[in-house]
Amino acid sequence: AAMAAERTLAMVTCTAPVNIAVIKYWGKRDTDLILPINSSLSVTLHQDQLKTTTTAAASRDFTEDRLWLNGKEADVGHPRVQACLREVRRLARKRRGGGEDAAALSLSYKIHIASENNFPTAAGLASSAAGYACLVSALARLYGLEEELSEVARRGSGSACRSMFGGFVQWQRGERPDGTDSLALQVAPETHWPELRVLVLVVSGEKKPVGSTAGMQTSVETSPLLKHRAEVVVPERLAQMMQHIRDRDFDGFGQLAMRDSNQFHATCLDTFPPIFYLTDVSRHIIALAHRYNAHHGHTKVAYTFDAGPNAVIFALADAVAEFVEVVRRSFPPATNGDQFVRGLPVGSAALPPGLEAAVLTEPVPGAVQYILHTKPGPGPQLVDDPSQHLLGPDGLPRSRA
Ligand code: DP6
């Protein structure tokens, strides 16, 4: 009787966002379950500018699990990919209460997954958070799950759990050894602070020397500053940051974001042997932001840096055009015809002579490759249009341009 209802091919496509932490996650207390030593807080960026798209398909005809990243076949056996797959299938099994629901997709089918980013991986923008959030969202939809999934995304990459929500998101550290309370929670939706803007300054040059996963483990083992940060500093800052966000207090938000980025990089220097993610260009941008704010007499722009040299700048919409002009004058684009400002439109601004004198220094041509203008955005989305699937009806990647 069940035979007519059995489904033989199912396909789902989702998109998921990048997020940027303003209270940083750095350090695990459990490296297998990915449990952090402190809570963290991030802003989810808009998917019009930065997103991962993932198609997951399951079929009776597939003979093995397979994975393609940006069009190239990749190792589906990667322990973190396997952890996400295992957890989603476990939840699906639990939901069905052991009994086989004939209308539901069989859990014994092999799956094919294809994933790609709408931004160059070479740009050094954190892609693992969006990638794992997207993988988990697509798999969950495929199996019809509706429960809380940040706990599963966390198993792919710690910061990925925060990409499961839009707007302003807290990853709560949790207390339990099994990680069931180490979850992401939305602090406020993306509509909460409509004037907030984000500029990603993509810095030219080398890839990061030490990955986050290895780097933070060395920090946990060697940095007394990191221990103090996790135990004393972050709990205080987290409460303050939530209040600044609730109040839409840009001065408070920006200052704390800068201080927290600086302390994270200080823990990297305190790691032994030390880790350096900031470059001369990063430090140049930091000094520029402080001169700019000092000139205006308050916090107009705030920077934050993850495990790499690219700056992420927060500003209110009315400050964007002027600061972009300051960046353009400080780091004149190498004339290669590429668009220097990408993403949301940026108006033109003339710099008052007083500002030029106080803020600009000797220009460093080509040091910033381009600026991406974006804003806070929503969490993972289901893509309804079947023409957007990354896998064809045969379950293999569609040919790419
Ligand atoms: C500096 O989430 O990439 O971006 O959990 O080992 O995958 P794993 O690390 P990951 O670390 C992100 C570190 C950070 C700060 C942050 O996003 O909070």
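What do you reckon, is residue 242 within 16 Å of the ligand (Cβ to nearest atom) and touching a residue at least 60 places away in the same chain (Cβ under 8 Å)?
For residue 242, the condition - within 16 Å of the ligand (Cβ to nearest atom) and touching a residue at least 60 places away in the same chain (Cβ under 8 Å) - is met.
Condition first: assigned to a loop (DSSP other than H, G, I, E, B), surrounded by fewer than 18 Cβ atoms within 10 Å (Cβ to Cβ) and modelled with pLDDT of 95 or more. Now tell me which residues in the stretch 193-238 satisfy that.
Selection gives 194, 195.
Being open to solvent by less than 10 Å² (accessible area, probe 1.4 Å) and either closer than 25 Å to residue 195 by Cα or near the ligand (Cβ under 10 Å from one of its atoms) (or both) is the filter here; which residues of the stretch 125-159 pass it?
Answer for the stretch 125-159, where residues must be open to solvent by less than 10 Å² (accessible area, probe 1.4 Å) and either closer than 25 Å to residue 195 by Cα or near the ligand (Cβ under 10 Å from one of its atoms) (or both): 129, 130, 154, 156, 158.
Please state which of the following conditions residue 281 fails to meet, knowing it meets all the rest: (1) open to solvent by less than 60 Å² (accessible area, probe 1.4 Å); (2) part of a helix (DSSP H, G or I); (3) away from the ligand (no atom under 15 Å from the Cβ); (4) out of contact with any strand residue (DSSP E or B) (no Cβ under 6 Å at 6 or more places or on another chain).
Condition not satisfied by residue 281: (4).
Given the structure, is residue 261 of a type in the set (Ser, Thr, Tyr) and part of a helix (DSSP H, G or I)?
yes
Name the single residue that is most open to solvent (accessible area, probe 1.4 Å) among those in the stretch 175-188 being more than 14 Å from the ligand (Cβ to nearest atom), in a loop (DSSP other than H, G, I, E, B) and touching a residue at least 24 places away in the same chain (Cβ under 8 Å).
That would be 177.
Here is a check on your reading of the model: is residue 162 touching a strand residue (DSSP E or B) at 6+ places or on another chain (Cβ under 6 Å), within 12 Å of the ligand (Cβ to nearest atom) and within 30 Å of residue 71 (Cβ to Cβ)?
So residue 162 passes the test.
Which pairs have Cβ atoms under 6 Å, sit 6 or more apart or on different chains, and link a residue in the stretch 7-20 that is under 10 Å from residue 47 (Cα atoms) to one that is part of a loop (DSSP other than H, G, I, E, B) and open to solvent by less than 10 Å² (accessible area, probe 1.4 Å)?
17/377; 18/50
Could you go through the stretch 16-23 and let me know if any residue there is more than 22 Å from residue 218 (Cα to Cα) and either in contact with a Gly (Cβ under 6 Å, 6 or more places away or on another chain) or open to solvent by 30 Å² or more (accessible area, probe 1.4 Å) (or both).
yes
Can you pull out every residue in the stretch 28-37 that is surrounded by 22 or more Cβ atoms within 10 Å (Cβ to Cβ) and not β-branched (Val, Ile, Thr)?
Listed by number, the list holds a single entry, 36.
Just a yes or no: is a residue in the stretch 239-248 touching a Leu at 6+ places or on another chain (Cβ under 9 Å), open to solvent by less than 40 Å² (accessible area, probe 1.4 Å) and polar (S, T, N, Q)?
Within the stretch 239-248, not a single residue is touching a Leu at 6+ places or on another chain (Cβ under 9 Å), open to solvent by less than 40 Å² (accessible area, probe 1.4 Å) and polar (S, T, N, Q).
Which ones in the stretch 335-380 are assigned to a loop (DSSP other than H, G, I, E, B), open to solvent by less than 20 Å² (accessible area, probe 1.4 Å), in contact (Cβ under 8 Å) with a residue 60 or more places away in the chain and more than 21 Å from residue 278 (Cα to Cα)?
Within the stretch 335-380, 377, 379 meet the criteria.
The values are calculated or read from the model by the stated rules, or taken from the named source; none is laboratory data. What you see is a predicted model, and the numbers here were worked out from it, not measured in a lab. Every residue, glycine as well, gets a Cβ built from its backbone with ideal geometry; the counts of neighbours run over all protein chains shown. Note: areas computed on protein heavy atoms with side chains; ligands, DNA, RNA excluded. Shrake-Rupley method; radii C 1.70, N 1.55, O 1.52, S 1.80 Å.
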